[in-house]
């Protein structure tokens, strides 16, 4: 059995190497559908594929929804078994062992993700662990009811015990702000909250990028966002970033444990208060 990993990416230069390291040896090829990165993600992804001797390619796609990017990646995949993740997701060895059992059962494997925030030592308290997402399946097991986000399976799902790590909040403040990280602090829900820009952009179907959507609807340029986002992100960190507890730390993927030894980001404290991040927000 061979597996094609299909990823979508958007300005993932700080995370895509960790993602690719974690799936090396599990996936037989990697197809990355990039949705308009301008931070060096495509070059970094191509370098990682080459350096790690991973078969695959990076597609530069033009889309109006994230589902369209996923469809393009799946259509390009060589193999019938698909690992469907984003370029900010990191798998552990234990999770990969669970995933390897899924094809034998001819079912669809569902994976939760643990949300880090700010660095590799803090987690997002309103929503520590995302709900299960359809992650590993055979191409014949799915159909697209629409092209907004993810496919729908024909077959029963199997929720897996181990979780992946989601690095969507371990990135520059402007990246988090644009991606629509608004959430309800009481419930931890984010996708259906009124302020979620990603959700609104996806359902508008009028714009081929988040930057285009924000400029049209909020009259803000990228430079405007870069100016306001650090204060927003710092406030978010102060409210909702909590140091990892032993119960979470022991299940972190090996790739993240290695990253913690020489982390590329560190939160800066003054007493018990977070006042910034090195090198920058």
If packing is taken as the average number of other Cβ atoms within 10 Å across a peptide's residues, how do 140-151, 35-46 rank, most packed first? 35-46, 140-151
For the chain, what is the calculated [θ] at 222 nm in deg cm²/dmol (nearest 500), taking -39500 (n - 2.57) for each run of four or more DSSP H residues and dividing by its residue count? -10000 deg cm²/dmol
So for the chain, averaging the separation of alpha carbon pairs under 8 Å that are six or more residues apart and normalising by length, what relative contact order in percent results? 19 percent
Check: C-alpha center region 202-251 vs C-alpha center region 48-122, spacing in Å is 22 Å
Descending semi-axes in Å of region 1-132, equivalent ellipsoid built from Cα gyration tensor: 21, 20, 15
Quick one: among 154, 114, 137, which has the greatest mean-square fluctuation in a GNM of the chain with alpha-carbon springs under 10 angstrom? 154
What Kirkwood hydrodynamic radius do you get for the chain when you take the inverse of the mean 1/r over all pairs of distinct Cα atoms, in Å? 19.2 Å
Could you work out the relative contact order of region 15-132, using alpha carbon pairs under 8 angstrom and six or more residues apart, expressed as a whole percent? 25 percent
Computed FRET efficiency, Cβ-Cβ of residue 2 and residue 247, R0 30 Å: what is it to the nearest 0.05? 0.25
Dividing the convex hull volume of the alpha carbon atoms of region 82-170 by its residue count, what do you get in Å³ per residue? 104 Å³
Of all C-alpha pairs within region 23-72, those more than 16 angstrom apart amount in percent to 42 percent
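Read-outs throughout are calculated quantities, based only on the coordinates presented, and are distinct from any laboratory measurement. Everything quoted here is computed from the prediction, not taken from an experiment. Every residue, glycine as well, gets a Cβ built from its backbone with ideal geometry; the counts of neighbours run over all protein chains shown.
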